[in-house]
Each structure stands twice: as structure tokens, then as C-alpha cells.
Amino acid sequence: MRTLIKSVLLESEPRQGVTVKGWVRTRRDSKAFSFLELNDGSCLGNLQAVVDVGTPGWEQLPHMTTGASIVIEGNLVPSPAAGQKWELRATRVELVGLADTTYPLQKKGHTTEFLRTIAHLRPRSNLYGAVFRVRSRLAYAVHQFFQERDFVYVHTPIITASDCEGAGEMFRVTTLKGNIEEKPETDFFGKKAYLTVSGQLEGETFACALSNIYTFGPTFRAENSNTARHAAEFWMIEPEMAFCDLQGDMDLGEAFIKAMAKHAVEHCAEDLGLFAKFVDKELLSRLQFVIDRPFVRVPYTEAVEILKKSGHTFEFPVEYGQNLQSEHERFLTERHFKSPTTVFNYPKEIKPFYMRQNDDGKTVTAMDVLVPGIGEVIGGAQREERLDHLLENMRFHKLDPKDYWWYVDLRRYGSVPHAGFGLGFERLLMFLTGIPNIRDVIPFSRTPGNADF
RNA sequence: UCCAGAGUAGCUCAAUGGUAGAGCACGCGGCUGUUAACCGUGGGGUUGUAGGUUCGAGCCCUACCUCUGGAGCCA
């Protein structure tokens, strides 16, 4: 029976009759025996096997090159040499699949740019193996976090006919041929349909029934964004809470990010160690800081004052009523507060129609969580639950309430204060791993002009 | 989409406008309880694409393509 290398390496006693299966990372030959290092993706570490001349299957050894898949049976013994605790004394080796000399992965370092061009093989590298193990583990942690707090997981639709959700350009979904603008009523859904840019509006309907809900699924933006932080397809987490205000929303966002950092530190230590060594030297101390210290919270108006009084010259001037530029966000998180920072109560002009208006008449209950190095990782708000205010906001933003009749209905029937946020899973992963490019934390990235694999 | 920078061997990079090179990888030989092994040796190129300038272009000019960094949009 096959044993994963992860559990082999964790053994506390020598063991007879161990079978491992995986891919050769490197082989070093001696006259009387060979060292084979095997990796099966179950963990970062390799298992070193020692294959004596004459071991059954030994004649295939020349073909067991980097990248080849093999099976090794043997006895687990303490390694006499430095570098590893255990090694496997092979009693039988078997070649399963060849990897000829064109195998592109080498034993030495590759750039992430090159590895992106071989996205089908890059999970076999140390870096990407670690990234995708962490991704999997944190996806689990997301569900654990919400389920433990009695949030209900809701599958909001991928295809939507909500015309302008205000979150960006949308991908059109159609079965029409020729001019797809001409007769949308003859299209598959009888109207124009798109890939979702957010499950929030649908999520609100479920929060106004099941109290606390969350979504966790793919989201699509057709923006022509070409940055290290944007992808056309990404995974978003959107909690929504009934009977909750902005304060509770900010509390949840902060607790969530802290919980994810804690989970990563506690369950992905080996992989994080790789990132700390090769990607981001500050990673572990930053994660500890995030776990230990409360986030800074500052109203938008105050943030603007801080930036204006900073004496720092910005490329774009700081002005009340304008969105904070990347350089402004970076100044706040990286130089002024040196901490994750939640900015809240933004001017209503620069925020969407569904955000709740404050009593000052000028601001809405929006909140963005900004983190050093990445910028916005959470965008959220307390929603406008008052029917008259919502309709007024829609007029202000030049939207037709008829297009949102079911959303408006929520304010007609048992309306409640409620709040939620959207969090980009990949941006969270970037923050927790130190990986600086979003294309390197998603298995097969979709960006403008690129949908290979 | 805008502003910079880059594109030379499988990979990472050199090369005053004058015969395209190194390290690693790969092949072969040797050595060794090895650890990104080591020593010797060999093969490997339409210099991103298309034009142009020049006696001569990897190098200069133009256009396009791709990638990287920054910006905008956002998560």
C-alpha cells in the first residue's frame, strides 16, 4: 500500500516495507548505489532513497531522471548523513513514467515568469507545490471560520442577468450568433446575461432569511486590468450579516484576516518557511504582527487629513471626495500606521448605491481593509436598509429601481440593518504567502489576452 | 488602456556597429554516503517578428508581438 511522503517523514520509528510513489526530483549516482530524491506533493520535503546496485528494478535507474514517476519499496531507516532524518533503503524500484531530456524543470531555481509558461508542470516545483497546498488549506479554513460561527454557505449564481452591479465590466454570456446586441430577447435566457462580478445582491436576500451567510466562489471581471493584483477570474468570499452594522462588519473582517493568518502559521509552517526564505523575508514577523495586534481604524476624512499633513509629496494630490490612490493607501499602511488599516465612512459620491447613508448626509458606511504590500483586500459596507433612502440613492446613481425590483423588495418586507463585505481570496493568499503576483497563487490564471491551459 | 524597461542556447545572463560566449541543464567518461554533489569532455543559436539605415546590425531607426515593473479600474 502506498504511503504519502508527508507521513513517512513524520515517522518516529524505523519501519519495514514502506512503499512510496512520486516524481524524481534528483538522482546522484555512486559506484555501488544511487541516491534518489522523491517528491509526491504531499509536503515540501523530499524522501531520499538509497538504491544499491543489484536491487530489483535497478537496471531502470538510468531512466529515473528528474521528472520521471517511480515506485520505491524499502525500509525506512535513520539517515547516517546530515540533511535528512530518514532515508529509504530500497528493496525494489519501478519506473512508471519516463521524463525525457526535454523535461523543462531543472533542479535549480526558475523564474516565476518562466514557470507561468508551463503552468501544467509548475505545481511540481517547490514554490508552486507550497502555494497550492496553502491555497487548499486556507480554502478549508475559510469554511471552518464561517461554519464555526453559524454562517450558512450560499451558492450564488455564476450567471446573472443583473445588468449593472457596479463592480466593473462584465463578461457577456450568450448563445446568439452574429450581432448579439440585436435581439437579446431571443437569447438563451430571454435577456442579456453575464458572468457574475459579485454575489452580494443575491447574498443579501439569503442574509435577510438565514441571518448570517457567506459565499465562496468564482467571480469574473472583464476589466482590461494588467497588474499583479488583478485577474479576470478569481475567487471571492462574501459574508453578509442581518442585524449587523458597520462596526460589526469591520469586526468580522478583522477577525477573519487574523484567523486566516493564524491558521496558516499553525498548519502551513513548512510551506511558509519556504516563502520566508525565498520570497519574503519579513513574512513570518508580519503574520505574527497581524495575529497579535488590532488593525488601525480610521475614518476616510481623517485619513485624508493625515495624508495632507504628512508633508510627503504624492504624485497625485490628496483631495477630499477623491478615491485614495495606491500611493496614498501604501503610505497609510506601510509608512504611517505600519499596520493593516481599515478606512471607513467614505464620501457617498465615490461609492455604490447600496451603501447606507450616514446622518451627516455626506458619507456612506463603506469600509476598505488595506494591507501593506497589496492594498485593498476587503471592500464592504453596511447596506442601506431604508426603502426611501435606497430609492434616493438609486436615483442619485442614475439606476432604475425596476431593474432591482427584488433587491428593493427586501426593504419592503421585514427590512433589517445588515452588512457584509467582499474579500479576494487570491489577494488574501498573496498577503499570507508574500507571493507578489496574483498569477502565481491561482492554478491557471486568466488575464487579458491569456486563457491558456 | 497609459508610462517605463526587457526580449540572445532548454533556463539565467554576457557580448565598443566588425568571427555570438559563459554558468546551469542535457550527452559521454571519471570520482564520491551524496545533499542546487564534484572533475573532465561534447553537442546545442534564423539574437521576439517584419521592414529600414550601413561596406557590415544582437547592438542604430520604425512598426508590431510578448513579458516585467508602475498607474487607472477593483477584490
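The values are calculated or read from the model by the stated rules, or taken from the named source; none is laboratory data. Quick caveat: nothing in here was measured; it's all calculated off a predicted structure. Cβ sites come from the backbone with ideal geometry, for glycine too, and all protein chains shown count toward neighbours.
Side notes on the structure shown:
- For first residues located in segment A:215-229 and more than 18 Å from A:Gly375 (Cβ to Cβ), partners that are in a loop (DSSP other than H, G, I, E, B) and within 6 Å of RNA strand B (Cβ to nearest atom) and lie 6+ apart or on another chain with Cβ distances below 8 Å form the pairs A:Ala222/A:Gly168.
- Test for A:Phe289: is it more than 25 Å from A:Glu202 (Cβ to Cβ), among the aromatic types (Phe, Trp, Tyr) and more than 16 Å from RNA strand B (Cβ to nearest atom): yes
- Filtered residues of segment A:17-41 (kept if more than 16 Å from RNA strand B (Cβ to nearest atom) and surrounded by fewer than 18 Cβ atoms within 10 Å (Cβ to Cβ)): A:Gly17, A:Thr19, A:Lys21, A:Gly41
- With respect to the conditions (1) within 11 Å of RNA strand B (Cβ to nearest atom); (2) basic (Lys, Arg); (3) in contact (Cβ under 8 Å) with a residue 40 or more places away in the chain; (4) surrounded by 12 or more Cβ atoms within 10 Å (Cβ to Cβ), A:Lys107 lacks only one, and its number is (4).
- Within the option set A:Leu61, A:Leu98, being in contact with a His (Cβ under 7 Å, 6 or more places away or on another chain), of a type outside the set (Val, Ile, Thr) and touching a residue at least 24 places away in the same chain (Cβ under 8 Å) holds for one residue only, A:Leu98.
- Of the candidates A:Val408, A:Val416, the single residue that is in contact (Cβ under 8 Å) with a residue 12 or more places away in the chain, part of a helix (DSSP H, G or I) and surrounded by fewer than 19 Cβ atoms within 10 Å (Cβ to Cβ) is A:Val408.
- Looking only at residues in segment A:409-453 that are among the polar types (S, T, N, Q) and near RNA strand B (Cβ under 10 Å from one of its atoms), the one that is nearest to A:Val369 (Cα to Cα) is A:Asn437.
- Scanning segment A:212-235 for residues that are under 30 Å from A:Val416 (Cα atoms) and surrounded by fewer than 19 Cβ atoms within 10 Å (Cβ to Cβ) yields A:Gly217, A:Pro218.
- Within segment A:121-143, being in contact (Cβ under 8 Å) with a residue 40 or more places away in the chain and polar (S, T, N, Q) holds for one residue alone: A:Asn126.
- Looking only at segment A:322-349, residues that are among the basic types (Lys, Arg) and more than 26 Å from A:Ala261 (Cα to Cα) come to 1 in all.
- Whether a residue is among the hydrophobic types (A, V, I, L, M, F, W, C), more than 24 Å from A:Arg229 (Cβ to Cβ) and in the same structural domain as A:Glu204 (by TED's automatic domain parsing) was assessed, and A:Phe331 does not pass this test.
- Among the residues of segment A:42-60, not one is away from RNA strand B (no atom under 13 Å from the Cβ) and touching a Phe, Trp or Tyr at 6+ places or on another chain (Cβ under 8 Å).
- Residue list for segment A:170-224, filter: within 16 Å of RNA strand B (Cβ to nearest atom), hydrophobic (A, V, I, L, M, F, W, C) and in a loop (DSSP other than H, G, I, E, B): A:Met170, A:Phe171, A:Val197, A:Ala222
- Filtered residue count, segment A:367-408, keeping only those that are near RNA strand B (Cβ under 10 Å from one of its atoms) and hydroxyl-bearing (Ser, Thr, Tyr): 0
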